[in-house]
Structure formats: C-alpha cells, structure tokens
Amino acid sequence: MVRPLAPYASKPEETRGRLHPEPEHLMRSPFQRDRDRIIHSTAFRRLIHKTQVFVYHEGDHYRTRLTHSLEVAQIARTISRALGLDEDLAETLALAHDLGHTPFGHAGEEALNAGMARFGGFSHNDHTLRILTRLERRYAEFDGLNLTWESLEGIAKHNGPLCAAGIDRPVPPTIAEYDSRHPLALDQFPGAEAQVAALADDIAYNNHDIDDGLRAGLFSIADLAEVPLVGAVFQGVAARYPGIEDARLIHEAIRRLIDRMVGDLIGETQSRLAAGEVKSAGKVRALGTPVVAFSAEMRHNDRALKAFLYERMYRHCRVMQMSQKARRVVHDLFTLYLAEPQSLPSEWSRLAAGPDDPQTARVAADYLAGMTDRFALEEHRRLFGSCS
C-alpha cells in the first residue's frame, strides 16, 4: 500500500531536479533512483572495510561504516514512516552520509586534514559531495551520480546551514563549487528527511557503540549504571529477566534504548511541526530552527551518553593506540604521494601536477580517502615496511 506523504514531506514529483537533466523513470521515483545509485556505487561497497571505531582486523563482529549505514537507514525509514516523510529520500541520505570517510574513521580524517591544511583542508562531509558529484565515474553523460537537488542538499547540510548569520566557517570547497552551479540554499536548514537521517545517525552510533564497547571489554555493564536512561534500561531488563546471559541482556537493553530514543524524537518532532504550523517542505527549510529533534530530557541523556563513550571508549588506551597507528599510516602515505606523485597508480598520477602542488595534494587526498583500512595498511607495508 502506498502511504500518502505529509504536507511537510519532500515530494518526489516536486523535486528541484538534477544538475544534468534526465528523463524520469516509469517505475521508480527520483528519490528511489538516488538510493539505488548510492547502493550500486563503488564508494558504498568500500564501506564494508572502513571502520567505525575499531580497525578492520580487530574482530569480525564490530561495526563497519557499511553495517552502520544500514542501521542508520533502518532507523531513518522507521521515523520517516511515522512522520509521513519520504522514506526513499531519508534512506538515500542515511546510506550516503558516511561515503566520504577516510580509512580508520576520525583518526584517519584528522591526519588527512592536517596534511591538507595548506591546500584547503579535508572534511568527510565535503568529500562525500565530491564523490557524488565528481569521483564516481560510471555514467556516459556525466561525472558523479547526478543525484537530485534534495539528496545533495541533505548531504551538504545534514548538520544544518553552512552560511547563515553567526557561522564564521568558510563553506567547504566542493560544496561551494557545486552550489555555484546548482544552488543548495546553504543558509537554510535542510528538509525534514535530512534532519531525520542526521539524528538516526546519532541514535545508531551511540547505541551500537555501547554494544561494541562492551563486546571489546572497554567497559562493563556495571559501568553503565550511572549513565542517565542507559543505566535504568539495563537495570530494568536485568530485573525482568533474572539470570539472563550478558549477550541477551545487552541486545534487549539496546533495542529498548533505540525504541525510547526513536519514540521521543517522533513525539518532539510532531510537537514542533504543530507549534510551527509547518505545512510544506519549504516551511521546514525556512523555519530557522530544526523541526526534527529530541526533547530537552532526551538531549540531556544523549549528551551524557556521548560523554561516557568519549571517556571510556574513544579515549581508551587500546583505541588511542590504534588511532596513533592510523594517523601515522595516513600521514606517511599522504606525504609520500605529495612529494612523489609517481608513487600513485597511473590513473591517479596522470591527474597530479608536480610535487607539493595543490592539484597533486587534492589528487592524493582523493585517492587516500577512498582506501579501505585493509588496503591502506597493505600500501603502507608495501611502501614503508611494517607499521607496528
């Protein structure tokens, strides 16, 4: 059964179109086609060997960027259905949001950003748009995937406006260049589907990092007792199922936490839609504040959980050790490619200019950012020997 969309949803028949016009498909909406193009892209396949927190060889059951993206997409679809939003657009944005990540997660990005500091820097969000509009080369008539305006807008602005009053950061270069050709309304919030995908990302990684952190032994169930909401949910499950084994306890607690956060987000968003008398997708963008949000209490809980995970997981000595190694691998590879562009594969080296040139730096960053964890480690071993 086809569900009618809410008045404030992004309507596929009202899309602002693609940079390169294409005839519409008889069986798939524009947003369905966007989702399908993401799934069939090379960058999406690579996510299977890019990490969230742990390097790929640390274990087979930890989250990768691919499994995380699928989990975000599932949560985003659930929320979108409850709110009457376009599920295909929300899923597109959820599946695409991590495409621009380097190998080794945020540690790899920090190292590449440091290397690119003289050449405009590097951010995974800007690189995602670069992949989608330039680096994927699959179609005969254009570079990139030629996604709809709504998809690219949501990807560029998933954290909010990029050039509104009070924002003193420059617009990232790829986003700025694309905006000059196909304006993305960078001074406004994105549509509701993009806002849903952004918070579905928060829900997924917070809860699944609890799972991965417990599995890795970085902290214990007892350590979670004082974390608001989380401790109470774990205690509630343990009380209801006395003697339950830890693996089942963890799964039961995490699925309840996700349900609580999703329910809170839907309720708060419905209240904001009603209070703002939001009757169109345009009003969502022009509202000047997010319409998709957690309640004040859930925002407090979310901050507390993030603080716990930062201290007990992301700053754990084992994770910090891995991060140091990751930064060294990315730094070494980038430095070599910048100084000796002939070290790049031929299809990349011919795009480079001379050593220490901005064009060479960008080519090296594009190549390096596309690597999986495994490939980056293998390349470093081949070019430099062991990295222990």
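The values are calculated or read from the model by the stated rules, or taken from the named source; none is laboratory data. Everything numeric here is computed off the predicted structure, so don't read it as measured data. Backbone-built Cβ (ideal geometry, glycine too); neighbour counts: all protein chains shown. These area figures cover heavy atoms from the full protein model, side chains too; ligands, DNA and RNA do not enter into them. Shrake-Rupley method; radii C 1.70, N 1.55, O 1.52, S 1.80 Å.
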For the cross-link pairs LYS50/LYS306; LYS157/LYS283; LYS50/LYS283; LYS279/LYS306, which exceed 28 Å when the distance is taken from alpha carbon to alpha carbon?
-> LYS50/LYS283; LYS279/LYS306
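Could you tell me the calculated FRET efficiency between HIS182 and SER280, based on Cβ-Cβ distance and R0 = 25 angstrom, to the nearest 0.05? All intermediate terms of the calculation are to be shown ahead of the outcome.
Values: r = 21 Å, r/R0 = 0.86.
Rounded to the nearest 0.05, the efficiency is 0.70.
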About its Cα centre, the chain carries a charge dipole, from +1 on Lys and Arg Cβ atoms and -1 on Asp and Glu Cβ atoms, whose size in debye to the nearest 20 is 180 debye
Can you check what the net charge comes to around GLU141, using other residues whose Cβ is under 15 Å from the Cβ of GLU141 (Lys, Arg +1; Asp, Glu -1)?
-> +3
Spatial separation of Cα centroids for the range 112-134 and the range 310-344, in angstrom | 16 Å
Residue-wise, which Karplus ³J(HN,Hα) couplings in Hz belong to the range 271-288, taking 6.51 cos²θ - 1.76 cosθ + 1.60, θ = phi - 60°, and x for glycine or proline?
-> 5, 5, 4, 5, 5, x, 6, 7, 10, 7, 5, x, 5, 4, 5, 8, 5, x
For the chain, what does -39500 (n - 2.57) per DSSP helix run (n ≥ 4), summed and divided by total residues, give at 222 nm, in deg cm²/dmol to the nearest 500?
-> -17500 deg cm²/dmol
Could you run the Karplus curve 6.51 cos²θ - 1.76 cosθ + 1.60 with θ = phi - 60° over the range 14-19 and give me ³J(HN,Hα) per residue in whole Hz, x for Gly and Pro?
-> 10, 4, 7, x, 10, 4
Fraction of accessible area attributable to carbon and sulfur, the range 334-384 (%, probe 1.4 Å) | 52 percent
Please give the net charge around GLU340, taking every other residue with its beta carbon less than 15 angstrom from that of GLU340, where Lys and Arg add +1 and Asp and Glu add -1.
-> -2
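Which order do the peptides 20-28, 244-252 take when ranked by the mean count of other beta-carbon atoms within 10 Å per residue, highest first?
Working: 20-28: 9.6, 244-252: 13.7.
The packing order, highest mean first, is 244-252, 20-28.
Ranking request for peptides 66-76, 90-100: highest mean number of other beta-carbon atoms within 10 Å first, then the rest in descending order.
Put in order of decreasing packing, that is 90-100, 66-76.
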Here, LEU26 and ARG299, labelled 7 Å along Cα→Cβ, have an inter-label distance in nm of 5.0 nm
Just grab the label-to-label distance for MET320 and ARG350, each label 7 Å out from Cα along the Cβ direction, in nm (one decimal).
-> 4.7 nm
List, in order, the whole-Hz ³J(HN,Hα) value for each residue of the range 246-255 obtained from phi through the Karplus relation with A = 6.51, B = -1.76, C = 1.60 and θ = phi - 60°; use x for Gly and Pro.
-> 4, 4, 6, 4, 4, 4, 4, 5, 5, 5
